[in-house]
Amino acid sequence: MSYIPERFPRYKDYALPPFPPLKGNISGHLDKIKDFESRDSDIFICTFPKSGTNWINEIVSMISKGRSEYSEVYKNTAMLEALPSFGALHDVPESTTRIINSHLPFADLPSKHIQNGYKVVHFLRNPKDVAVSFYNHLTNIKDFTTMQAPKDYPASWPLYIEHYCRGEEFYGGWFNYEKGFEKAKETGELSNVFTAHYEQLKQDPLPVLRALANFLGVKATDELLEDINERCSFDKMSTVGASEKDDSVIKAMSVTGKNFIFRKGQVGDWKNWFTVAQNEAFDRLIETNMKDSKLKFRYEYIVKD
Ligand code: PPS
């Protein structure tokens, strides 16, 4: 039996969140995404859910503007699978850089963007912290169909992690997602890509920000990058940054009525959730699924002398 209830939309062999455009003709909407009219100047942020999309989105937005100013909107306003129409994106003047994002697997991203080698920023996070963050997200977000607290899923942490270990998760799961991107980079299908890890950005941000500015073709002083880093810290983004954005939709979707995008923003919170047995099972899962992968992840902060 599938862990993710049948009411959720499915495309190919994976389940998706019930965003309004995915509730009807799902193939039609996914075809529209494939045919999305990308521009040379677009920056496409690609992440598996709960990998820090909002964080990297804010950073990319500030660097590309050349100013440490928060954007007025959340990244959901440019998340292709959640948008009923791409009209607002089409209306952005050609002179303005569009920052677009999606959690869709590599194979389902807009063809023009990938084939023409337009910019992609791929941000990864270790799968244990992703699982914890995703579980908390799912328990905090209302069931879209009833607008009530979710009842039958994700049920409980032990059940969630058990099903996760059987390979079930939205968007086809973390392993398929990250292996899909790794392969696309190796084959050269994905060429113009900047890759960074959540843990690396958390622990030693400035080298990542410098390299990102370079990739985006922006001349940014260390002073500006330090300022961006400060304004994009978890503490600032979840308070000052959040207060400057319209989060009415996020709050309306939240079981508690609070913004659920910002939780802890830490590396290694999984240790507060996984039992020893769950951790061992998860390590076996990683070993099996990533045996042909060269990807390396950090699961805790590196303590420096
Ligand atoms: S979503 O809903 O898939 O778009 O979520 P996403 O933004 O990808 O990931 C949410 C997690 O990122 C944490 N977060 C941050 N970490 C560090 N610094 C900053 N500024 C930041 N902003 C958001 C957020 O708290 C979620 O992680 P957890 O572990 O749940 O706290």
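The values are calculated or read from the model by the stated rules, or taken from the named source; none is laboratory data. All of these numbers come straight from a predicted model, not from anything done at the bench. Cβ placement follows ideal geometry from the backbone for every residue including glycine, while neighbour counts extend to all protein chains displayed. Just so you know, the surface numbers come from the protein's heavy atoms only, side chains and all, with ligands and any DNA or RNA stripped out. Shrake-Rupley method; radii C 1.70, N 1.55, O 1.52, S 1.80 Å.
Inspection of the stretch 247-263 identifies no residue that is among the acidic types (Asp, Glu), open to solvent by 70 Å² or more (accessible area, probe 1.4 Å) and out of contact with any Asp or Glu (no Cβ under 8 Å at 6 or more places or on another chain). Just one of the numbered conditions (1) of a type outside the set (Asp, Glu); (2) more than 15 Å from the ligand (Cβ to nearest atom); (3) within 19 Å of HIS137 (Cα to Cα); (4) modelled with pLDDT of 95 or more is not true of GLY257: (4). Of the residues contained in the stretch 35-56, one or more are found to be open to solvent by 60 Å² or more (accessible area, probe 1.4 Å), more than 16 Å from the ligand (Cβ to nearest atom), part of a loop (DSSP other than H, G, I, E, B) and touching a helix residue (DSSP H, G or I) at 6+ places or on another chain (Cβ under 8 Å).
Scanning the stretch 23-34 for residues that are touching a strand residue (DSSP E or B) at 6+ places or on another chain (Cβ under 8 Å) and open to solvent by less than 20 Å² (accessible area, probe 1.4 Å) gives LEU30, ILE33. Considering LYS251, LYS264, LYS236, the condition of being assigned to a helix (DSSP H, G or I), within 21 Å of ASP129 (Cβ to Cβ), among the basic types (Lys, Arg) and within 15 Å of the ligand (Cβ to nearest atom) is satisfied by LYS236 alone.
Within the stretch 79-128, being in contact (Cβ under 8 Å) with a residue 60 or more places away in the chain, within 16 Å of the ligand (Cβ to nearest atom) and assigned to a helix (DSSP H, G or I) holds for GLU81, ALA82, PRO127, LYS128. Of all residues in the stretch 201-228, those satisfying the criterion of being within 22 Å of ARG298 (Cβ to Cβ), surrounded by fewer than 19 Cβ atoms within 10 Å (Cβ to Cβ) and within 16 Å of the ligand (Cβ to nearest atom) are GLN203, ASP204, LEU206.
Close Cβ contacts (under 6 Å, 6 or more residues apart or on different chains) running from residues in the stretch 180-202 that are over 17 Å from GLY117 (Cβ atoms) to residues that are open to solvent by 30 Å² or more (accessible area, probe 1.4 Å) and in a helix (DSSP H, G or I) are absent.
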